[in-house]
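The values are calculated or read from the model by the stated rules, or taken from the named source; none is laboratory data. All values reported here derive from a predicted model rather than from experimental measurement. Note that we place each Cβ from the backbone using ideal geometry, even for glycine, and neighbour counts take in every protein chain shown.
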Amino acid sequence: MRHISFFLFSFLLIFSTAVAQQDSDSLRVGYAGSAPFVIEGENPDGVIIDIWDEIAFSLKQSFKYIEYPSVDSGIEVVLNNDIDVLIGPITINSSRANIISFSQPYFDTELAILAPLMEPTIWDRISPFISTTFLYAVIGLLVILSIVGFLFWLVEGRKSEQDYGKGPIRGIGSGVWLAVVTMTTVGYGDYAAGRFIMGSWMVISLILATSFVAGIATTFSMSTNDDKTIIGLNQIEGKRVAIPNYKNIADRVRDFHGIPVMVDDVSEAYQLLMNQKVDAVLYDEVPLEYIFENNKKKDFVLSKKRIEPQYYGFVFEKENDFKHQVDLEIIHLREIQRISRIISDWVNRT
């Protein structure tokens, strides 16, 4: 009986020692962020989980996941040495790099803009045609035609009353008509005796017609374009824009006289937009595209304008030896485009 008890005691001691050793070798991996990088649920899921699983498998490294409510709270835990690494859509910037160590960037992204589609009203379509610029152009053209018509009548009209009619009013009117049909390339210019004036007018009218048609085309384009929809930073003046809680992005919005509204994650930004508490969302492209695709509404527009490049990395405490191994795996996964395929798969899921 003593032998059996001794055997059981020895077995338990060895087993507990092995478990303790295994726990000591396991990394404490914190994760935080928004979808699709971190998907809320009972078990860890999302882009970043798939990426880390591949890295840990290649390194034959055991680990356990610990979830944190935000990236900033996770960074504080790293600083306290309560976890070994923090993973997620963590933007690499100088202020963070002063206190912690970043891995190689595992993904490069940019900011995108999500805003309501603003259909132009009837007034929006008509107003360009009664704008001062358009009216000045028309009046200017009429003045030029009147001057040219007067010159035609002055040179030819009094000698060719059968063509121009009697009297200055009818004569100048015929001259204006001649200028118009010459300008529009209908003809009659070759019948004119004042060839010097007519030849000069042909050249001038060609330039004027080209400029005038281009101006009309631009005006028409403005009247039919959805230029009230926010698709770029040049349209955010006086607008409330939901953005990540980063000072440099807030400064960029203020540079364009926008009003930055800082949020903790893309879901909060999206809800503010849906509740009409902000006019647009300026956020990292991948999470914004993911939430838009999974809640797609035809009344909104997602614009990718290559704004403010962002770089995602993992967070380690300073002087971490394991970071070098992770860096090598990140480089390898980027070389074979595995990370891009994981992100694309998550964004396109329905």
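Criterion first (polar (S, T, N, Q), outside the structural domain of P244 (by TED's automatic domain parsing) and within 31 Å of the chain's Cα centre (by Cα)) does S70 satisfy it? Considered against the rule, which asks whether it is polar (S, T, N, Q), outside the structural domain of P244 (by TED's automatic domain parsing) and within 31 Å of the chain's Cα centre (by Cα), S70 comes out as yes. Residue-level check: of (1) modelled with pLDDT of 95 or more; (2) out of contact with any helix residue (DSSP H, G or I) (no Cβ under 9 Å at 6 or more places or on another chain); (3) surrounded by 15 or more Cβ atoms within 10 Å (Cβ to Cβ), I51 misses just (2). Just so you know, in the stretch 76-92 the residues that are under 28 Å from the mean Cα position of the chain (by Cα) and among the hydrophobic types (A, V, I, L, M, F, W, C) include one that is farthest from I51 (Cα to Cα), and it is I92.
Considering the stretch 295-307, and only residues there that are touching a residue at least 60 places away in the same chain (Cβ under 8 Å) and surrounded by fewer than 17 Cβ atoms within 10 Å (Cβ to Cβ), the residue that is nearest to L233 (Cα to Cα) turns out to be K305.
Screening the stretch 137-189 for residues that are in a loop (DSSP other than H, G, I, E, B) and touching a Gly at 6+ places or on another chain (Cβ under 8 Å) and picking the one that is modelled with the highest pLDDT gives G165.
Hey, does the stretch 333-340 have a residue that's in a loop (DSSP other than H, G, I, E, B) and either assigned by TED's automatic domain parsing to the domain that holds K239 or modelled with pLDDT of 90 or more (or both)? Within the stretch 333-340, one or more residues are in a loop (DSSP other than H, G, I, E, B) and either assigned by TED's automatic domain parsing to the domain that holds K239 or modelled with pLDDT of 90 or more (or both).
Only one residue in V253, V315 is surrounded by 14 or more Cβ atoms within 10 Å (Cβ to Cβ), farther than 26 Å from S103 by Cβ and modelled with pLDDT of 90 or more, so which one is that? That would be V253, the only listed residue that is surrounded by 14 or more Cβ atoms within 10 Å (Cβ to Cβ), farther than 26 Å from S103 by Cβ and modelled with pLDDT of 90 or more.
Note on the stretch 84-104: residues that are over 13 Å from H324 (Cα atoms), of a type outside the set (A, V, I, L, M) and assigned to a strand (DSSP E or B) amount to 3. Scanning the stretch 321-330 for residues that are more than 25 Å from Y290 (Cβ to Cβ) and part of a helix (DSSP H, G or I) turns up F322, K323, H324, Q325, D327, L328. Scanning the stretch 234-250 for residues that are assigned to a helix (DSSP H, G or I) and surrounded by fewer than 16 Cβ atoms within 10 Å (Cβ to Cβ) returns N234, K247, N248. Counting the residues of the stretch 294-313 that are closer than 29 Å to Q104 by Cα and part of a helix (DSSP H, G or I) gives 0. Out of curiosity, is E76 free of Cβ contacts under 8 Å to residues at least 60 places away in the same chain and surrounded by fewer than 20 Cβ atoms within 10 Å (Cβ to Cβ)? Yes, satisfied. Applying the set (1) in contact with a strand residue (DSSP E or B) (Cβ under 9 Å, 6 or more places away or on another chain); (2) in the same structural domain as S34 (by TED's automatic domain parsing); (3) within 21 Å of A32 (Cβ to Cβ) to I249 leaves exactly one unmet item: (2). Might you check whether a residue that is closer than 30 Å to L302 by Cβ, of a type outside the set (S, T, N, Q) and either in a loop (DSSP other than H, G, I, E, B) or at pLDDT 75 or above (or both) occurs anywhere in the stretch 120-132? Yes, the conditions are met somewhere in the stretch 120-132. Within the stretch 219-230, one or more residues are at pLDDT 90 or above and either loosely packed, with under 14 Cβ neighbours inside 10 Å or closer than 28 Å to I122 by Cβ (or both).
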